[in-house]
Amino acid sequence: MNFSRIRQLGHSPNFKTFHLFHPFLLESDRTMNCPYCDSVNLRHSRFRSADIVHYLLLRRPVRCRTCQERSYVGLSQYRRLIRESKLKREASKASQAS
């Protein structure tokens, strides 16, 4: 493994190894797509008792609005999804009010 490029970026050699064990930390830059149909139309899904393991791994359930399949995304993506849905809801309320 070539650590010279990592050192140039100002990270220690363990930076890459750390992220291999914690892939959810790198998910914030990715777009959220359904793993089944590749749609971007996702919404948050309800908590189930079987989700406890995923919650401990900082993953949250989402459901695709196109194919209705359920999957999991990292915490940073989930927060972004919640923030985007809140903005859409506020925009629709503002358009209905005017």
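Table: residues versus (1) under 15 Å from the mean Cα position of the chain (by Cα); (2) in the same structural domain as residue 79 (by TED's automatic domain parsing); (3) modelled with pLDDT of 50 or more.
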| position | (1), (2), (3) |
| --- | --- |
| 16 | no, no, no |
| 20 | no, no, no |
| 40 | yes, yes, yes |
| 44 | yes, yes, yes |
| 47 | no, yes, yes |
| 51 | no, yes, yes |
| 55 | yes, yes, yes |
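Out of the residues in the range 45-60 that are surrounded by 12 or more Cβ atoms within 10 Å (Cβ to Cβ) and either in contact with a helix residue (DSSP H, G or I) (Cβ under 6 Å, 6 or more places away or on another chain) or polar (S, T, N, Q) (or both), which is nearest to residue 80 (Cα to Cα)?
60
The values are calculated or read from the model by the stated rules, or taken from the named source; none is laboratory data. Owing to the predicted nature of the structure, the values given are computational and were not obtained by experimental measurement. Cβ sites come from the backbone with ideal geometry, for glycine too, and all protein chains shown count toward neighbours.
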